[in-house]
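All remarks here apply to the structure that follows.
The values are calculated or read from the model by the stated rules, or taken from the named source; none is laboratory data. Computed from a prediction, not measured in an experiment: that's the story for all the values here. With ideal geometry, Cβ positions are generated from the backbone for all residues, glycine too; neighbour counts draw on all protein chains shown. Heavy atoms of the whole protein, side chains included, go into the accessibility calculation; ligands, DNA and RNA do not. Shrake-Rupley method; radii C 1.70, N 1.55, O 1.52, S 1.80 Å.
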Amino acid sequence: TIAKHLEKCVVCIAAILGFPYIDRTSSALPSRVKMATTDKYDRQLRLWGAKGQRALGNTEVVLVGASAGGTETLKNLVLPGVGSFTVIDEGVVSKQDAASNFFLPEVGKARADTAAEYLRELNPDVTGRGISVPRLSQVADWKSLIHKHAEGKKVLLIASDLEPKVLESLSQLCKDEKLPMVLVQSYGLIGIVRLQLPGKVPLLDPKPTNAHPDLRLLNPFPALTAMADSIDMEMLENHYHGHVPYPIILLKALADWKQSHDGNTPTTFTEKQEFQAFVKSKRRDANEINFDEAVQNAYLAYTEQTVDIPEDLDLSSTLGKLYQGLRTFMSQNGGRPPLNGSIPDMTANTDWYVQLQGIYKEQADHDLKSMKELCAGVSEDDIESFCANVFIVDQIHTRSLVDEFQQPPDDEMLDELSMAFMDPYEVPEH
């Protein structure tokens, strides 16, 4: 019994700290595929989903420079289950390394091999190795070295605390080979992280913290209207009246408002304030939290989110094909994009909430099916992510480091540097 309790404690501590945990008493370790979909990676699967985990498992990370910042960065990819990694560095572990880098404790051993050995211990699922070179600045064929152990995986390069000459070579390689690069530089408690991306990278799942719910109250679809019509607010008992989902409250309030305003929705600030007061007047007592939620979200009844389609899209890219399909979809559906199907938490009767969830999901599935037919050549995962985030999909582009090395700074950058290095106590001369 004590052993079982200790086992549970170890599992809980491992989960809280984010470390992978394996039951060593098992006669056979579970396979990588099984472990990646059960308990071991459960917490991170909730963060980036199965698609993100597959992408991570299909990546070879190449760390150039086994500095403290570099090995800590790689550690945070090894723990969640990156496919494989390679550490490339020069020289042997010094006393200074051993004092400042947790992954280089043995003085006199090769830096690359030592870092790889200790990083491998963090996750038995991950394969890794070290490659020692005489001098990083004298490597002639970075391309062969970086792709040496990729074995068909996508490559991510991490450049850690390197001198400018080496950085320039790696940046040029990543620019030519269209590889993503992460530049890491640390100075004690201060650090810099810089991205160099291969062209314009679509962000299909940006995970915003303040996204507005897509409830389609201004132009409801038939099933949502039918549910609202089926609930007679006047005939409900007080308990049920206080648990009507707020989207239904807003739909009914908007319908009543239109009847008394020539079919118009609130447009001016004054009208919007009056509409909120109108919604509030529908409550029977001050304890009906669902009406508080309706007042707080009243804007959803008279506003509708719009999709901004970029102008300079490469129609052969994934994002270009998705937006091309979206244009067709919107032209067939009154200018509205596909529904994402999710609804927020709210005060509601369980049966009504489940019914509302089902209605939104059914409509979202119908829209998704239409989008899949319109987006030939795009993976289902990408289409699903696009539809779920259609209002906030974005793309990011960065300038390469080699361009910055080779191009002189402009006047604006020189002014910024001058301001940064000004003495705040210097008295200007007149």
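List the residue pairs whose Cβ atoms are under 7 Å apart, where the first residue sits in the stretch 309-333 and is open to solvent by 40 Å² or more (accessible area, probe 1.4 Å), the second is hydroxyl-bearing (S, T, Y) and at pLDDT below 95, and the two are 6 or more positions apart or on different chains.
Listed by first residue and then by second, the contacts come to I309/Y323.
Just a yes or no: is a residue in the stretch 283-298 within 29 Å of T268 (Cα to Cα), without any contact (Cβ under 8 Å) to a residue 40 or more places away in the chain, assigned to a loop (DSSP other than H, G, I, E, B) and open to solvent by 30 Å² or more (accessible area, probe 1.4 Å)?
Checked against the condition, which is being within 29 Å of T268 (Cα to Cα), without any contact (Cβ under 8 Å) to a residue 40 or more places away in the chain, assigned to a loop (DSSP other than H, G, I, E, B) and open to solvent by 30 Å² or more (accessible area, probe 1.4 Å), the stretch 283-298 yields at least one hit.
Scan the stretch 338-354 residue by residue and report those that are crowded, with 16+ Cβ neighbours inside 10 Å and assigned to a helix (DSSP H, G or I).
W352, Y353, listed by residue number.
Can you spot a residue in the stretch 66-81 that is assigned to a loop (DSSP other than H, G, I, E, B), in contact (Cβ under 8 Å) with a residue 24 or more places away in the chain and farther than 25 Å from K40 by Cα?
yes
Check off (1) at pLDDT below 95; (2) open to solvent by less than 10 Å² (accessible area, probe 1.4 Å) for S100 and give me the number that stays unchecked.
Result: S100 fails condition (2) only.
Residue check, F85 against (1) outside any helix (DSSP H, G or I); (2) closer than 20 Å to L179 by Cβ; (3) modelled with pLDDT under 95, all met but one. Which one?
Failing condition for F85: (3).
If a residue has to be more than 24 Å from the chain's Cα centre (by Cα) and open to solvent by 50 Å² or more (accessible area, probe 1.4 Å) to count, how many in the stretch 387-411 make the cut?
The number of residues fulfilling the criteria is 8.
Considering each of L197, L167 in turn, give the residue that is touching a Pro at 6+ places or on another chain (Cβ under 6 Å) and of a type in the set (A, V, I, L, M).
Selected residue: L197, the only one of L197, L167 that is touching a Pro at 6+ places or on another chain (Cβ under 6 Å) and of a type in the set (A, V, I, L, M).
Return yes when G358 is open to solvent by less than 40 Å² (accessible area, probe 1.4 Å), modelled with pLDDT of 95 or more, of a type in the set (G, A, S) and part of a helix (DSSP H, G or I) and no when it is not.
Spelling it out, G358 is indeed open to solvent by less than 40 Å² (accessible area, probe 1.4 Å), modelled with pLDDT of 95 or more, of a type in the set (G, A, S) and part of a helix (DSSP H, G or I).
Residues of the stretch 103-130 being open to solvent by less than 20 Å² (accessible area, probe 1.4 Å) and either over 35 Å from the mean Cα position of the chain (by Cα) or within 23 Å of L173 (Cβ to Cβ) (or both), which ones?
If the condition is that a residue be open to solvent by less than 20 Å² (accessible area, probe 1.4 Å) and either over 35 Å from the mean Cα position of the chain (by Cα) or within 23 Å of L173 (Cβ to Cβ) (or both), then A112, A115, A116, G128 are the ones that fit.
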